[in-house]
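Quick note: the coordinates plus some simple rules give every number you see, no bench work behind them. The structure displayed is predicted, hence computed values, not measured ones. Quick reminder, even Gly has a Cβ in these numbers, built from the backbone with ideal geometry, and neighbours come from all protein chains shown.
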Amino acid sequence: MALALHSASQQHRKFQRVCEIIDEHDRNPGRLVPILQAVQEEYRYLPEDVLTYIATSLGISPARVYGVATFYAHFALEPKGKYIVRLCDGTACHVKGSIPILEAIRERLGLKEKQSTTPDMLFTVETVSCLGACGLAPVVVINEQVHGQMTPEKAVEVIEEILASEESR
């Protein structure tokens, strides 16, 4: 019984912030994309139960909410790490060696083939088609910080700096 009450309390806290976000958007189904953006900002991804809750709260079908969440590449349905490492693999970056950079980052973080997020939820590594910084190729963006003219060595150095700053916290 105590476990059930604890679980219910956690669920309430989880959905409390979602309720606030939905209310900030006047429970308007036409504001679904900004609602999903705010929820993802809060949780770093869109949990399935939260998507269903949003649908119910807005009076729309869960399929519509899920459809929007899966249509836009910006939305994530799986948990992401604290640091999102986006490596550009567009033409300019690819020609200037983005793949060896990706391999070096993945190796340093111990990511296996299909794995994109470290088990400690610290890093998620993604490749993107373009970051709009071709003049800085090859480019890596970590959260919102742009790192241009990268090499595999420089990329690992940046990862090491982040790891060191996390250890000192």
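Per residue of region 94-99, what does 6.51 cos²θ - 1.76 cosθ + 1.60 with θ = phi - 60° give for ³J(HN,Hα)? Whole Hz please, x for Gly and Pro, Karplus curve as stated.
4, 4, 8, x, 5, 5
Through the Karplus equation 6.51 cos²θ - 1.76 cosθ + 1.60, θ set to phi - 60°, convert the phi angles of region 24-39 into ³J(HN,Hα) values in whole Hz; use x for Gly and Pro.
4, 9, 6, 6, 8, x, x, 9, 4, 4, x, 5, 4, 4, 5, 5
Among the lysines, which fall within straight-line cross-link reach of Lys80, defined as a Cα-Cα distance under 19 Å, with same-chain neighbours fewer than 8 residues apart omitted?
Lys14, Lys112, Lys114
For semi-axes √(5λ) of the Cα gyration tensor in Å, pick the label among (i) 35, 20, 13; (ii) 37, 13, 12; (iii) 23, 17, 17 that corresponds to the value derived from the coordinates.
Comparing each candidate, only (i) matches the computed number.
Each residue of region 41-51 in turn: what ³J(HN,Hα) in whole Hz from Karplus with 6.51, -1.76, 1.60 and θ = phi - 60°, glycine and Pro shown as x?
4, 6, 9, 6, 6, 10, x, 4, 5, 6, 4
Within 15 Å, Cβ to Cβ, of Asp23, how many net charges do the neighbouring residues add up to if Lys/Arg are +1 and Asp/Glu are -1?
-1
Which of the peptides 131-143, 101-113 is most tightly packed, and how do the rest follow, going by the mean number of other Cβ atoms within 10 Å of each residue?
In decreasing order of mean packing, 131-143, 101-113 become 131-143, 101-113.
Under a GNM of the chain (C-alpha, springs under 10 Å), which listed residue has the highest mean-square fluctuation: Lys82, Lys114, Lys14?
Lys114
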